[in-house]
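S.K.: Got a structure for you, written out below as structure tokens; questions coming shortly.
The values are calculated or read from the model by the stated rules, or taken from the named source; none is laboratory data. Predicted model only: the values in this text are computed from it and were never measured. Here the Cβ positions follow ideal geometry from the backbone for every residue, glycine too, while neighbour counts run over all protein chains shown.
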Amino acid sequence: MTEQVRSLADEVEAAVSAAMAETLPAELAALDPLVRRSDHADFQSNVALSLAKRLGEKPRDVAERLRERLAGVEWITSVKVSGPGFLNLHLADTALVERLAARLDDPRLGVPRERSGDVAVVDYSAPNVAKEMHVGHLRSTLIGDSLVRVLDFLGTDVVRQNHIGDWGTQFGMLIQYLTEHPETRWRTAELDAAGGPAGEGAAEAGDAVSALDSLYREARKVFDADPAFKERAQRRVVALQGGDEETVAAWREIVTESEAAFQRIYARLGVLLTLDDVAGESFYNTRLQAVVDELREKGIVEESDGAWCVFYDDIRSPEDKPVPMIVQKADGGFGYAATDLAAVRYRTTELKANRLLYVVDARQAQHFDMLFRTARRAGWLTDGIEAAHVRNGTINGPDGRPFKTRAGGTVRLADLLDDAEGRAREVVAEKNPELTGEELDAIARGAGIAAVKYAELSTSRAKDYVFDVTRMVSFSGQTGVYLQYTHTRIASILRRAGEQASAARFDTSLPLERAERELALAVDEFGAVLNSVAETLEPHRLAGWLYTLAKAYTDFYENCPVLRSDVPEEIRTNRLALCRLTGDTLARGLSLLGIAAPDRM
Ligand code: ARG
């Protein structure tokens with residue numbers, strides 16, 4: 001079985017580099033050969049243009065010298081100089097088919113583990129305890145899940161970290177309120193015994209969180225209006241931080257119910273996060289003082305109005321005042337910043353990570369800028385360690401503004417998923433009227449989640465996007481449903497071909513038709529696309545490429561019959577092998593986005 005297959009693009013790059021080495025001074029020969037796929041050829045190199053500038057020659061003359069060398073490479077069938085000095089290269093069909101043959105039946109499809117040796121901590125999802133998971137948490141959860149899968153496939157040792165918001169003064173307030181209102185029912189078991197939250201059947205963890213969410217708002221009102229309650233709530237914070245048994249038990253119960261609700265959503269989304277991945281803010285509690293002490297010893301924090309702060313020359317408010325990162329408040333309390341500093345230190349020194357990735361809303365950009373700079377000053381981040389804020393934009397409603405319910409509240413993630421599954425059910429049932437009952441339910445559920453995930457992951461993460469369920473569940477256009485559907489078409493051909501399909505191998509001597517070549521060239525790009533995702537931390541590159549692959553398959557499907565009786569046997573065999581390799585590549589690519597590839601829908 002093959003393990004690593006060099007892509008055609010890599011081979012072409014190597015050939016152009018070799019031609020450069022033979023015709024140019026050494027320092028120029030080492031430059032990037034600038035090879036790209038092209039509409040005018042299999043590959044194109046623009047390197048002659050940039051070389052010409054440095055050499056003071058005409059680009060076409062430089063291109064011509066390279067052309068002569070490349071024309072001697074046996075698997076390159078034609079090299080032409082075009083335009084101002086582009087090199088257009090066509091490859092031999094055998095070169096393409098050999099590559100496909102090497103990828104077929106390899107579980108990794110020939111993709112090397114190019115990122116082994118890295119240890120990456122991926123910090124993502126991170127919802128807040130006692131609050132509903134809302135649409136804002138969807139982006140981080142799905143982008144993070146895909147990055148985890150891609151990095152892991154490329155050999156990186158990945159540590160998932162769910163930095164949930166489970167600590168802070170708000171819990172003092174909530175616990176105090178619950179203690180003073182012992183009659184309130186909020187636990188799943190209590191709601192369940194009462195016949196569900198609205199007397200409409202079994203309760204689940206999500207209902208407990210809904211209840212806590214409203215109780216929290218109630219508590220806030222009392223806190224703001226009643227100074228005596230405010231004082232009791234503040235004492236409760238001290239009790240919690242001081243480890244008072246009863247208070248800690250109440251806190252733990254709230255955390256446990258919330259975590260169960262998060263896990264239900266994760267299971268529904270099919271993301272990898274488990275309870276073992278939770279290292280929330282409270283996890284760092286015992287490490288905070290040491291962090292501040294070290295920053296103090298190193299002279300990185302200064303006292304300002306009683307608080308310990310870090311300042312930066314170039315981070316200033318609109319009034320041109322320096323904006324501090326507050327590490328310890330004047331009352332001795334620690335906040336979000338201290339927790340994150342402790343997390344950086346833990347992740348680099350104890351988890352030994354060399355990549356720290358934070359998939360978090362773009363609105364926290366300044367926090368991460370300050371965090372990384374402070375950690376560098378403190379020596380917790382060193383030159384060999386990358387720390388990146390993998391920022392995401394917001395999800396907007398149809399009006400182009402941050403998504404809200406009609407009543408103006410935040411949209412619950414669970415409701416949004418219900419909506420997507422319902423719409424998916426309608427389109428699947430319409431496309432495939434024979435499906436009924438449980439099979440239809442299962443397929444609709446899968447398609448609805450796939451639709452939401454693909455819509456998320458095909459959007460450039462830094463951009464905002466509009467949540468439009470109708471568009472997401474469409475069978476045509478760039479949707480998850482279209483990709484899944486393409487996979488089912490492949491599966492259907494393979495099923496009908498039976499054993500001939502599983503036994504099919506490529507015959508490298510057969511010529512390829514245009515649509516077959518296009519598909520072959522697309523399939524061969526898989527590894528390069530994954531590497532670009534690992535580098536840029538942008539899953540939409542994979543999502544977009546899968547769409548290109550599916551379109552190339554659709555074009556092949558329409559132009560190259562496979563099972564039709566007049567197709568010669570050896571050509572049918574080659575096409576079946578190509579179907580299988582494409583199907584496996586599509587399925588693997590989708591799985592790296594966390595999307596299933598069903599055989600039927
Ligand atoms: N809980 C935070 C929020 O909902 C996100 C935490 C992100 N991770 C981190 N290490 N700061 O906004």
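S.K.: For the stretch 317-368, what are the residues that are within 13 Å of the ligand (Cβ to nearest atom) and acidic (Asp, Glu)?
M.R.: The answer is 340, 361.
S.K.: Same structure again: May I ask you to say which residue of 166, 157 is farther than 24 Å from residue 361 by Cβ, at pLDDT 90 or above and touching a strand residue (DSSP E or B) at 6+ places or on another chain (Cβ under 9 Å)?
M.R.: On the way: 166 fails: farther than 24 Å from residue 361 by Cβ.
Of 166, 157, the one residue that is farther than 24 Å from residue 361 by Cβ, at pLDDT 90 or above and touching a strand residue (DSSP E or B) at 6+ places or on another chain (Cβ under 9 Å) is 157.
S.K.: When you look at residue 371, is it within 11 Å of the ligand (Cβ to nearest atom), in contact (Cβ under 8 Å) with a residue 12 or more places away in the chain and assigned to a strand (DSSP E or B), yes or no? Walk me through it before giving the result.
M.R.: Working: within 11 Å of the ligand (Cβ to nearest atom): yes; in contact (Cβ under 8 Å) with a residue 12 or more places away in the chain: yes; assigned to a strand (DSSP E or B): no.
For residue 371, the condition - within 11 Å of the ligand (Cβ to nearest atom), in contact (Cβ under 8 Å) with a residue 12 or more places away in the chain and assigned to a strand (DSSP E or B) - is not met.
S.K.: Looking at the stretch 456-472, which of the residues that are out of contact with any Gly (no Cβ under 7 Å at 6 or more places or on another chain) and of a type in the set (A, V, I, L, M) is surrounded by the most Cβ atoms within 10 Å (Cβ to Cβ)?
M.R.: 457
S.K.: So is residue 97 of a type in the set (A, V, I, L, M), at negative phi and free of Cβ contacts under 8 Å to residues at least 60 places away in the same chain or not?
M.R.: On the way: of a type in the set (A, V, I, L, M): yes; at negative phi: yes; free of Cβ contacts under 8 Å to residues at least 60 places away in the same chain: no.
Here the answer is no, as residue 97 does not meet what is asked.
S.K.: Inspect the stretch 157-172 for any residue being in the same structural domain as residue 217 (by TED's automatic domain parsing), surrounded by fewer than 13 Cβ atoms within 10 Å (Cβ to Cβ), outside any loop (DSSP other than H, G, I, E, B) and not aromatic (Phe, Trp, Tyr) and give the result as yes or no.
M.R.: No; the residues of the stretch 157-172 include none that is in the same structural domain as residue 217 (by TED's automatic domain parsing), surrounded by fewer than 13 Cβ atoms within 10 Å (Cβ to Cβ), outside any loop (DSSP other than H, G, I, E, B) and not aromatic (Phe, Trp, Tyr).
S.K.: Can you tell me which residues in the stretch 6-37 are farther than 19 Å from residue 111 by Cβ, in contact (Cβ under 8 Å) with a residue 24 or more places away in the chain and assigned to a loop (DSSP other than H, G, I, E, B)?
M.R.: Within the stretch 6-37, 24 is the sole residue that qualifies.
S.K.: Next up: Given the conditions (1) buried (at least 21 other Cβ atoms within 10 Å of the Cβ); (2) over 23 Å from the mean Cα position of the chain (by Cα); (3) within 15 Å of the ligand (Cβ to nearest atom); (4) not β-branched (Val, Ile, Thr), which single one is not true for residue 176?
M.R.: (3)
S.K.: Here's something else I'd like to know. Give the stretch 387-403 a look and list any residue that's surrounded by 15 or more Cβ atoms within 10 Å (Cβ to Cβ) and among the charged types (D, E, K, R), or say none.
M.R.: 391
S.K.: Okay, moving on. Under 21 Å from residue 478 (Cβ atoms) and surrounded by fewer than 19 Cβ atoms within 10 Å (Cβ to Cβ): is that true of residue 448 in this structure? Steps first, answer last, please.
M.R.: Working: under 21 Å from residue 478 (Cβ atoms): yes; surrounded by fewer than 19 Cβ atoms within 10 Å (Cβ to Cβ): no.
Judged against the criteria, residue 448 is not a match.
S.K.: Filter the stretch 297-318 down to the residues that are without any contact (Cβ under 8 Å) to a residue 12 or more places away in the chain and of a type in the set (D, E, K, R), then identify the one that is farthest from residue 378 (Cα to Cα). Full working, then the answer.
M.R.: Our first condition is that a residue be without any contact (Cβ under 8 Å) to a residue 12 or more places away in the chain; within the stretch 297-318, this holds for 297, 299, 302-303, 313-314, 316-318.
Filter again for of a type in the set (D, E, K, R), leaving 297, 302-303, 313-314, 316.
Details: 297: 10, 302: 14, 303: 17, 313: 17, 314: 18, 316: 21 Å.
This residue is 316.
S.K.: Tell me, which residue of the stretch 304-337 that is among the polar types (S, T, N, Q) and out of contact with any strand residue (DSSP E or B) (no Cβ under 8 Å at 6 or more places or on another chain) is farthest from residue 284 (Cα to Cα)?
M.R.: Of the residues in the stretch 304-337, the ones among the polar types (S, T, N, Q) are 304, 317, 328.
If we keep only those that are out of contact with any strand residue (DSSP E or B) (no Cβ under 8 Å at 6 or more places or on another chain) too, we end up with 304, 317.
Working: 304: 24, 317: 29 Å.
Once the filter is applied, the top-ranked residue is 317.
S.K.: Let me ask another. Determine which member of the set 212, 191, 178 is within 22 Å of residue 259 (Cβ to Cβ), modelled with pLDDT under 90 and in a helix (DSSP H, G or I).
M.R.: Values: 212 fails: modelled with pLDDT under 90; 178 fails: modelled with pLDDT under 90.
It is 191.
S.K.: When residues of the stretch 239-255 are filtered for being exposed (fewer than 15 other Cβ atoms within 10 Å of the Cβ) and part of a helix (DSSP H, G or I), how many remain?
M.R.: The qualifying residues number 4.
S.K.: With the condition being in contact with a helix residue (DSSP H, G or I) (Cβ under 6 Å, 6 or more places away or on another chain), I'd like the helices (runs of 4 or more DSSP H) fully within the stretch 486-569 carrying at least 2 qualifying residues. Please lay out each step first, then the result.
M.R.: Details: elements: 499-503, 514-523, 526-536, 540-559.
In the stretch 486-569, the matching helices (runs of 4 or more DSSP H) lie at 514-523, 526-536, 540-559.
S.K.: Give all pairs with beta carbons closer than 9 Å in which a residue from the stretch 128-148 that is assigned by TED's automatic domain parsing to the domain that holds residue 213 and within 12 Å of residue 454 (Cα to Cα) meets a residue that is hydroxyl-bearing (Ser, Thr, Tyr) and more than 10 Å from the ligand (Cβ to nearest atom); count only pairs at least 6 apart in sequence or on separate chains.
M.R.: none
S.K.: Quick check: anything in the stretch 532-545 in contact with a Pro (Cβ under 9 Å, 6 or more places away or on another chain) and farther than 21 Å from residue 390 by Cα?
M.R.: no
S.K.: When the stretch 135-147 is examined, which residues are found to be away from the ligand (no atom under 12 Å from the Cβ) and either at pLDDT 95 or above or acidic (Asp, Glu) (or both)?
M.R.: 142, 143, 145, 146, 147
S.K.: State yes or no: is residue 548 surrounded by fewer than 20 Cβ atoms within 10 Å (Cβ to Cβ), at pLDDT 95 or above and not aromatic (Phe, Trp, Tyr)?
M.R.: Working: surrounded by fewer than 20 Cβ atoms within 10 Å (Cβ to Cβ): yes; at pLDDT 95 or above: yes; not aromatic (Phe, Trp, Tyr): yes.
Taking the combined requirement at face value, the residue satisfies it.
S.K.: Something else about it: What strands (runs of 3 or more DSSP E) completely inside the stretch 301-354 contain at least 1 residues that are within 24 Å of residue 385 (Cβ to Cβ) and not acidic (Asp, Glu)?
M.R.: Working: elements: 302-304, 307-310, 325-328.
In the stretch 301-354, 307-310, 325-328 are the strands (runs of 3 or more DSSP E) which contain 1 or more residues that are within 24 Å of residue 385 (Cβ to Cβ) and not acidic (Asp, Glu).
S.K.: Which of the residues that make up the stretch 374-413 are modelled with pLDDT of 95 or more, aliphatic (A, V, I, L, M) and either away from the ligand (no atom under 12 Å from the Cβ) or more than 21 Å from the chain's Cα centre (by Cα) (or both)?
M.R.: 375, 378, 381, 385, 388
S.K.: When the residues of the stretch 83-134 are filtered to those that are polar (S, T, N, Q) and in a loop (DSSP other than H, G, I, E, B), which remaining residue is farthest from the ligand (Cβ to nearest atom)?
M.R.: Of all residues in the stretch 83-134, those polar (S, T, N, Q) come to 88, 94, 116, 125, 128.
Next cut, in a loop (DSSP other than H, G, I, E, B) only: 116, 125.
Details: 116: 26, 125: 8 Å.
The residue in question is 116.
S.K.: Still on this structure, I have one more. Restricting the stretch 30-44 to residues that are of a type outside the set (Ser, Thr, Tyr) and closer than 13 Å to residue 521 by Cα, which is modelled with the lowest pLDDT? Lay out the reasoning, then the answer.
M.R.: The initial filter retains those residues of the stretch 30-44 that are of a type outside the set (Ser, Thr, Tyr), namely 30-37, 39-44.
Retained after the next criterion (residues that are closer than 13 Å to residue 521 by Cα): 36-37, 39, 41-43.
On the way: 36: 96, 37: 95, 39: 91, 41: 95, 42: 97, 43: 98.
For the stretch 30-44, the residue satisfying everything is 39.
S.K.: Out of 150, 79, which single residue is modelled with pLDDT of 95 or more, crowded, with 22+ Cβ neighbours inside 10 Å and outside any strand (DSSP E or B)?
M.R.: Values: 79 fails: outside any strand (DSSP E or B).
Of the residues listed, the single one that is modelled with pLDDT of 95 or more, crowded, with 22+ Cβ neighbours inside 10 Å and outside any strand (DSSP E or B) is 150.
S.K.: If the requirement is being out of contact with any Leu (no Cβ under 8 Å at 6 or more places or on another chain), of a type in the set (Gly, Ala, Ser) and farther than 27 Å from residue 127 by Cα, which of these qualifies: 446, 477, 409? If you could, list the steps in order and put the result at the bottom.
M.R.: On the way: 446 fails: farther than 27 Å from residue 127 by Cα; 409 fails: farther than 27 Å from residue 127 by Cα.
Unique residue meeting the criteria: 477.
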